[in-house]
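The values are calculated or read from the model by the stated rules, or taken from the named source; none is laboratory data. These numbers come from a predicted model, not from an experiment. A quick note on method: Cβ atoms are made from the backbone with ideal geometry, for glycine too, and the neighbour counts reach across all protein chains shown. Accessible surface is based on the protein model in full, side chains and every heavy atom, while ligands, DNA and RNA are left aside. Shrake-Rupley method; radii C 1.70, N 1.55, O 1.52, S 1.80 Å.
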Amino acid sequence: MKAKGTSGSAPGKHRGSGKSGAAGRAGNSAGNRGKAKEVPAWMADLPVKIGQQVEAEIVGISHDGEGVGRANGFTLFVAGALPGERALVRVEHLKKQYGYAALVELLETSPDRVAPDCLIYEECGGCQLQHLSYEAQLRVKRQQVVDNLVRIGKLENIIVHPTLGMADPWRYRNKAQVPFGEERGGLIGGFYAQGSHRIIDMEACLIQHEANDEVVARVKEIGSRLGIRAYREETGTGLLRHVVVKVGFRTGEIMVVLVTNGADIPRVDEWVAGIREALPAVKSICHNINVRQTNVIFGDETRVLWGSEVIYDYIGDVKFAISARSFFQVNPVQTEVLYGKALEYAALTGGETVVDAYCGIGTISLFLAQRAGQVYGVEIVEEAISDARKNAALNGMMNVHFEAGPAEVVLPEWTRQGVRPDVIVVDPPRKGCDPALLATILELRPRRVVYVSCSASTLARDLRVLVDGGYGVAEVTPVDMFPHTVHVESVALLVR
Ligand code: SAH
């Protein structure tokens, strides 16, 4: 339900007074749409009309960060409006149950409204909540968890703690994937304008580690000087597609990956020398080749141009090797908070058998292995399991076992082999746990289940299943892994 998708001209996130040029443009497109199409009967019966300006009371915030408004008793999503505000909006797009409207003017402003710090917040699609104070963001995220538990899980009266936020919610990301383009004969790199693939040049991204801005600036400068051409999506020509920057927060090590359309980089030695000279913290310069016409950033072939194949970072006391392609949590500071909560909920005393389903590169498994007897991690991506094994070896951890495969298949196999977990941790993707996995958990009846979730709706759905199967939800803690964006992460503790 994105206004961005349904109407190219709706102001994405509204800053300030509500009188912007974007709202003016929105009017034209709504008008055209009205004229071009005959109004169907159901639409004519709605209490609002396309193109109409109405007053809306903003009563909530959607999971996309849009204000949820009520106008003439009808629900309108209003990008840029905040709960508690009253606004004049222009109706742009209608469905039977709800519609989308552009913010024309704020009539009453929320005390939680703040001026976004980022200069390109309006154009960029990366953050959605910078116009909301950080305190309020944390409240909103907790409320979304509560609402999902009640609406989807029919789980009332669950203890949901305040969202654990960051003391300094800026510059928290350790990985940037920056698309490159050209303008006036030089390289530009930044982000895609909302709802398009037009690249807008960027000097700073306030949620990325500072090193990212520096690396991107130097790569642009050196690449432009060497006459490197940027890839053009429409024609499939040009060379440089993306620059991927990874930073080890604790170690300070930096990896730069040049993703190119083609195997040869002209004057590559000069480029490497230029990057090394300008950026001494760079420990690894890699080259990934992607000649396919696709939105996927990486191609299959990666080689090291200079330095190490990996950089290192820590989550707590556990060391991780990060390669060009390997997955690593993007907010290392909050990952420690999240896993700390998972560890607390697991209540390990040293002898337990723990299963970590959906383990990725083993981050949670290794974190838990510090306090457990045995940890079994399962993950569907083979490469991730190979990284997980390397990370276990890197930390000298002998009490972890990793297996590649679907968790819902591997867990029953382990059971047949006699593995009896005291605690099962799950950290599934957005679509939640496979029903077969939940069924196996209910058969195995571990003392505790710790559910780490990046989607409050599937969390609520799955908790319902576990509750119906005899577990109680002891408590839930939301953790803010992605300040200024709409993403909500949480950890739930279930006990038998
Ligand atoms: N716990 C890890 C990663 C969690 S992301 C961390 O914190 O870093 C969810 C993971 O589930 C992804 O790595 C994805 O590849 C994996 N996955 C998806 N479906 C799966 C399945 N059916 N069985 C096992 N793993 C699966």
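Answer yes if at least one residue in region 402-417 is open to solvent by less than 50 Å² (accessible area, probe 1.4 Å), free of Cβ contacts under 8 Å to residues at least 40 places away in the same chain and more than 26 Å from ARG325 (Cα to Cα), and no otherwise.
Among the residues of region 402-417, at least one is open to solvent by less than 50 Å² (accessible area, probe 1.4 Å), free of Cβ contacts under 8 Å to residues at least 40 places away in the same chain and more than 26 Å from ARG325 (Cα to Cα), which makes the answer yes.
State all residues of region 438-454 that are open to solvent by 30 Å² or more (accessible area, probe 1.4 Å), out of contact with any Lys or Arg (no Cβ under 7 Å at 6 or more places or on another chain) and within 12 Å of the ligand (Cβ to nearest atom); if no residue qualifies, say none.
Correct list: empty.
Criterion first (under 30 Å from HIS242 (Cβ atoms) and under 21 Å from the mean Cα position of the chain (by Cα)) does ILE311 satisfy it? Before you say what the answer is, go through the steps one by one.
Working: under 30 Å from HIS242 (Cβ atoms): yes; under 21 Å from the mean Cα position of the chain (by Cα): no.
No.
From the set of residues in region 411-437 that are small (Gly, Ala, Ser) and assigned to a loop (DSSP other than H, G, I, E, B), which is farthest from the ligand (Cβ to nearest atom)?
Ranking the candidates gives GLY418 first.
With (1) assigned to a loop (DSSP other than H, G, I, E, B); (2) open to solvent by less than 10 Å² (accessible area, probe 1.4 Å); (3) out of contact with any strand residue (DSSP E or B) (no Cβ under 8 Å at 6 or more places or on another chain) as the list, and ALA460 as the residue in question, which single condition is left unmet?
Of everything listed in (1) assigned to a loop (DSSP other than H, G, I, E, B); (2) open to solvent by less than 10 Å² (accessible area, probe 1.4 Å); (3) out of contact with any strand residue (DSSP E or B) (no Cβ under 8 Å at 6 or more places or on another chain), ALA460 misses just condition (1).
Go through region 225-252 and give me each residue that's open to solvent by 40 Å² or more (accessible area, probe 1.4 Å) and either touching a strand residue (DSSP E or B) at 6+ places or on another chain (Cβ under 7 Å) or free of Cβ contacts under 8 Å to residues at least 60 places away in the same chain (or both).
Filtering region 225-252 down to residues open to solvent by 40 Å² or more (accessible area, probe 1.4 Å) leaves 225, 227, 229, 232-235, 237, 249-251.
Hits for region 225-252 are ARG225, GLY227, ARG229, ARG232, GLU234, THR235, THR237, PHE249, ARG250, THR251.
If the requirement is being assigned to a loop (DSSP other than H, G, I, E, B) and over 30 Å from LEU459 (Cα atoms), which of these qualifies: GLY227, GLY189?
GLY227
Taking region 351-380 on its own, how many of its residues are without any contact (Cβ under 8 Å) to a residue 40 or more places away in the chain, within 15 Å of the ligand (Cβ to nearest atom) and open to solvent by 40 Å² or more (accessible area, probe 1.4 Å)?
Of the residues in region 351-380, 1 are without any contact (Cβ under 8 Å) to a residue 40 or more places away in the chain, within 15 Å of the ligand (Cβ to nearest atom) and open to solvent by 40 Å² or more (accessible area, probe 1.4 Å).
I'd like to check which strands (runs of 3 or more DSSP E) are fully inside region 247-331 and have at least 2 residues that are more than 28 Å from GLU344 (Cα to Cα), in contact with a Phe, Trp or Tyr (Cβ under 6 Å, 6 or more places away or on another chain) and in the same structural domain as ARG218 (by TED's automatic domain parsing).
282-289
Return yes or no: is GLU383 modelled with pLDDT under 95 and part of a helix (DSSP H, G or I)? Give the derivation first.
On the way: modelled with pLDDT under 95: yes; part of a helix (DSSP H, G or I): yes.
Considered against the rule, which asks whether it is modelled with pLDDT under 95 and part of a helix (DSSP H, G or I), GLU383 comes out as yes.
If we keep just the residues of region 319-350 that are under 25 Å from LEU437 (Cβ atoms) and away from the ligand (no atom under 11 Å from the Cβ), which is most open to solvent (accessible area, probe 1.4 Å)?
That would be GLU344.
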